[in-house]
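Report on the structure given below.
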Amino acid sequence: MRVLALILLISAGIYTGVNADASAQTLPYWFIPLREAVYEQQLTANEIAPIFRQVSGRARVELSGAALYVMLSRCEYMMGRAYQFEERNREAADRYREGIRWAEMALEAQESSEAWQMLAENLSQLIAARSSTAFAMANGLRVERYARNALAINSRNAAAQYMIAARWVFAPSPFNNLRRGITMMRAILTEGDMDKDDRFNVYSAIGFAYIQLRRPDDARPWLQRALEVYPTNQFAQSLLAQL
């Protein structure tokens with residue numbers, strides 16, 4: 001029922017579930033149900049799929065050119081995340097590849113911070129979905145390069161800042177630097193234009209880093225902040241449960 005309700009609201013153009021934050025990228029209201037469904041983690045990927053199709057279809061009606069390609073890349077990325085959470089990595093990888101294709105088309109049409117961001121985000125998650133050391137070594141540095149390209153156009157792109165900091169938090173030892181990652185993540189809170197999902201990502205990453213440093217008392221408040229943003233997110237819940 002919830003899936004049908006979201007689709008009907010998107011179709012009618014009256015979805016009002018936008019978070020209180022002003023989006024750094026002025027995301028259209030009709031995209032928000034897809035993002036929320038992915039981060040709330042209350043629906044299965046199969047239940048999210050019709051929302052993905054509805055939002056992608058709405059993008060083709062409302063947008064054109066580079067703006068359309070960026071939005072379609074963003075939609076593919078979100079659907080990939082939904083599949084990846086369920087460890088349906090082959091399906092996730094297909095969505096990320098498609099997201100990369102749309103981002104490349106956007107860059108060909110008109111270079112933008114958001115297009116570079118989506119190219120970096122889709123490639124980053126494709127690396128994770130493929131779980132191939134050789135693929136990661138061949139492509140890992142491209143993620144940071146694309147993110148820096150995004151920042152060269154808009155230095156306050158919080159998602160691009162996050163991708164650069166995430167390397168130091170989530171890379172396996174000895175390639176990580178948790179203290180450096182925490183410092184960089186905290187800087188995003190003042191130096192980035194953050195949307196709702198950006199705040200969640202930063203809060204949970206800091207909490208994760210403190211867990212790895214075996215500092216549970218420092219991790220707890222950050223994970224609680226993450227769950228204030230998305231109370232039903234299972235990733236943040238699982239991290240908090242470790243404490």
Practice problem: Kindly state which helices (runs of 4 or more DSSP H) lie completely within segment 156-231 and contain at least 2 residues that are more than 18 Å from the chain's Cα centre (by Cα). | Solution: 178-191, 196-212, 216-229
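Have a look at Glu91, Glu98 and point out the one that is of a type in the set (D, E, K, R), more than 14 Å from the chain's Cα centre (by Cα) and farther than 23 Å from Arg145 by Cα.
Glu91 is the lone residue from the list that is of a type in the set (D, E, K, R), more than 14 Å from the chain's Cα centre (by Cα) and farther than 23 Å from Arg145 by Cα.
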Quiz item: For segment 1-91, list the helices (runs of 4 or more DSSP H) that sit wholly inside it and hold at least 2 residues that are modelled with pLDDT under 95; which are they?
Solution: 2-12
Quiz prompt | Single residue of segment 150-200 satisfying the filter (of a type in the set (S, T, N, Q) and touching a residue at least 40 places away in the same chain (Cβ under 8 Å)) that is nearest to Thr26 (Cα to Cα) | solution = Asn157
Self-check item: Criterion violated by Glu114 - all others in (1) surrounded by fewer than 16 Cβ atoms within 10 Å (Cβ to Cβ); (2) within 13 Å of the chain's Cα centre (by Cα) satisfied
Solution: (1)
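Only one of these is under 25 Å from Trp168 (Cα atoms), within 17 Å of the chain's Cα centre (by Cα) and surrounded by fewer than 24 Cβ atoms within 10 Å (Cβ to Cβ): Ala128, Ala134. Name it.
Ala128
The values are calculated or read from the model by the stated rules, or taken from the named source; none is laboratory data. Fair warning: this is a prediction, and the values are worked out from it, not measured in the lab. So basically every Cβ, Gly included, is an ideal-geometry build from the backbone, and we count neighbours across all protein chains shown.
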